[in-house]
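Where a number appears in this text, it was derived from the coordinates with a stated rule and is not lab data. Please read all numbers here as calculations on a predicted model, not as lab measurements. As a convention, Cβ positions derive from the backbone with ideal geometry for all residues, glycine included, and neighbour counts pool all protein chains shown.
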Amino acid sequence: MKTGTVQSLGGRVVVAVDSSDVLAPSRIQTVGRGVFLRCERVEAVAGCPAPTIRFGQEGLEAMARSERALRAAHARGDEIYGLTTGFGPLVKYAADERTTAQGAGLIAHLGAGCGSPAPAEIVRATMLLRSHTMGQGSSGIGAHVAESLADLLASGLCPAIPEIGSVGASGDLVPLSHIGRVLMGQGRVLCERSRAGVRDAGPAMAEAGLCPIELSGRDALALVNGTTFMSAYAALAVARASRLIEAAERITGWLYRLLGCRAQALDPRLHAVRGHDNQCLSAASIASEAWMHGPFEDASRPLQEVYSLRCAPQFLGACRDQLDHARRLVERELNGVSDNPVVCGDENDAAVLHGGNFQGQQIAFASDALNQALVQSAILAERQLDVLVNPELAGGTLLLAWQPGATSGVAGAQITASALIAEMRHHGHPCSTASVPTNGRNQDVVSMGTMAARQAFEQTWRLATVLSILCVAAQQLSFLRERGRVQGRTTPRPDFVPAVEGLVEDRSLHDDIQRLAAALATPAPA
């Protein structure tokens, strides 16, 4: 693996992977201490059907040291949550002396949840990140458990995890328990060949050559007690949002070129005096696309365009600010230890520290901030779409129809965009302050980070779809000009936007919209 700068996070030194390695087309990923995972790398690994993860030497040594420290603390009679005590509010009671029964009971009672299974890429990201956490060497978990999780990921089997069931506190207990169930030969895995979409894990593991394992109370707790499920959603949301905001900028530059907008609104001197770096970056990104094929200004255009065009750098620059903020919090969480208890030292200086690192408030705040940026980016794109379909603003036909009245152009597509904006606004309300006390008053304040991260991830697809509809409309305006139906020059579409056949007669645009949305949302092949 290529390495880059050394960073310090909370006093812990980590090695940052070089940017050229983030999207390397390798199915192999080293995890654990000494490795720093970025959101795009998590996305790239999670996109592989059967990725291979390896624990680096530093991580293997840290896990072994942590396990020895835990045993030493236990041997000297320390009270250890989940090992000598019950779970949650039952901490005041003694644990089952049969350690495997204690572990099996934890996984069993948490095997609840509801809703559709989480997407396979989310589950793979979750297993990757849980392995990465174990490899930090602060969980006291047996190495065989970490290796079994890595083997499960490499097998291509994907545990079926219900989307709903975590309040984002004490970790993602219920979702992560479904990974534990599969490791024990129970539960279900995703299966495209099954009518129900899932199949029993036991036979699937046998076919893959995997053997079920037993889990002690500590091993089971280390599997479920962390922010891993929400972090997987958040990481993939950040990676996709980064691409979509950049796409929104380039599409805006395309519109500047297509409409002949005045270039003054993109002048770097204008943005420099305000002092927001990301606003300057957005303006430069828009201008780069606008000038791609030479001068583009139309002197007959208004001196000042409507805000969805003229103020696009200000809007999208602010969205970049939110994205940067979310990325910092999420990537810190990806590479930290969200376990409880945390094991420090070695067998000669063992300390088992009980606290609340599993609380997902940072992910909740980061996801809510990202959600707001996604909604505003979509609102901007929908207003730009409104410019294109109105003859007074774009010089085309009403709704970009080939023959208005006899045909309806992109009317259905615009209505879809309006519906998506309503959906995004509805799902844009913050989750990070929606605490619901639970767990016998033990979890009396919770983060709802999992719901926040899931909402942000789902919003990325809605934004991709709004942007795809905008691209359909821009191509239709260009098509009308090419065919002489309206006045105006034509200009090539950006290279990342797939072509759409022009509308002479009305047809369903559903498949075109979905195809374009997938192209915008999915990483480009390496």
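Karplus couplings for the range 203-214 from phi (6.51 cos²θ - 1.76 cosθ + 1.60, θ = phi - 60°), rounded to Hz, Gly and Pro as x?
So the Karplus estimates, Gly and Pro as x, are x, 5, 5, 4, 5, 8, x, 9, 9, x, 10, 9 Hz.
For a quick check of your reading of the filter: which trypsin sites (Lys or Arg not before Pro) in the range 170-212 sit in a DSSP loop and have no more than 10 other Cβ atoms within 10 Å?
Here the trypsin sites (Lys or Arg not before Pro) that fit, given the DSSP loop and packing criteria, are Arg193, Arg195.
Just to confirm the filter: which trypsin sites (Lys or Arg not before Pro) across the range 68-142 are DSSP coil and have at most 10 other Cβ within 10 angstrom of their Cβ?
Those that pass, being in a loop and sparsely packed, are Arg76.
Please work out the Kirkwood hydrodynamic radius for the chain, using every pair of different C-alpha atoms, and report it in angstroms with one decimal place.
Roughly 24.7 Å, rounded to one decimal.
Shape verdict for the range 3-226, please, from the Cα gyration tensor: rounded (a/c under 1.5), prolate (a/b greater than b/c) or oblate.
oblate
What is the antiparallel percent of DSSP beta bridges lying wholly in the chain, to the nearest 5?
Restricted to the chain, the bridges split so that about 75 percent are antiparallel.
Roughly what % of DSSP beta bridges within the range 3-226 run antiparallel, to the nearest 5?
Given both bridge residues lie in the range 3-226, the antiparallel proportion sits at roughly 70 percent.
Can you give me the long-range amide H partners of Phe36? Hydrogens built in the peptide plane at 1.01 Å from N, cutoff under 5 Å, separation of 5 or more residues or another chain.
It is Val15, Val17, by chain and number.
Give the shape of the range 93-238 as rounded, prolate or oblate, defined through the alpha-carbon gyration tensor: a ≥ b ≥ c are the square roots of its eigenvalues, a/c under 1.5 means rounded, and otherwise the shape is prolate if a/b is larger than b/c and oblate if not.
Details: a/c = 1.40, a/b = 1.19, b/c = 1.18.
In terms of gyration-tensor shape, rounded.
Among Cys158, Gly86, Cys48, which residue has its Cα furthest toward the positive end of the charge dipole of the chain, with +1 on Lys/Arg Cβ and -1 on Asp/Glu Cβ?
Cys48
Taking H as built 1.01 Å from N, whose amide H comes closer than 5 Å to the amide H of Gln443, not counting residues under 5 places away?
Thr438
Got a sec to turn the phi values of the range 317-329 into Karplus ³J(HN,Hα) couplings, 6.51 cos²θ - 1.76 cosθ + 1.60 with θ = phi - 60°, whole Hz, x for Gly and Pro?
Once rounded to whole Hz, the list reads x, 5, 5, 4, 4, 4, 4, 4, 4, 4, 4, 4, 5.
Using unit Cβ charges (K, R positive; D, E negative) and no other charged atoms, how large, in debye to the nearest 20, is the dipole of the chain about its Cα centre?
Using only the charged Cβ atoms, the result is roughly 520 debye.
Pairs of Cα atoms under 8 Å, at least six residues apart: use those to get the relative contact order of the range 3-226, whole percent.
So the answer I get is 22 percent.
Would you mind classifying the range 277-347 by shape? Square roots of the alpha carbon gyration tensor eigenvalues, ordered a ≥ b ≥ c; an a/c under 1.5 is rounded, otherwise it is prolate if a/b is larger than b/c and oblate if not.
Cα axes put the range 277-347 in the prolate bin.
5 Å is the cut-off here: which amide hydrogens, built 1.01 Å from N in the peptide plane, fall below it relative to Arg54, excluding neighbours closer than 5 in sequence?
Gln29, Thr30, Val31
Put +1 on the Cβ of every Lys and Arg and -1 on every Asp and Glu Cβ in the chain; which of Ala247, Gly140, Leu503 then has its Cα farthest towards the positive end of the dipole?
The one lying farthest along the dipole's positive direction is Leu503.
Would you compute, from DSSP H runs of 4+ residues alone, the mean residue ellipticity of the chain at 222 nm, taking -39500 (n - 2.57) per run and dividing by the full residue count, rounded to the nearest 500?
Numbers: 19 runs with 270 residues, N = 526.
Result for the chain: -16500 deg cm²/dmol, rounded to the nearest 500.
Relative contact order of the chain, please, whole-number percent, based on alpha carbon pairs below 8 angstrom and at least 6 residues apart.
On the way: 1053 pairs, mean separation 83.9, N = 526.
Reported as a whole number, the value is 16 percent.
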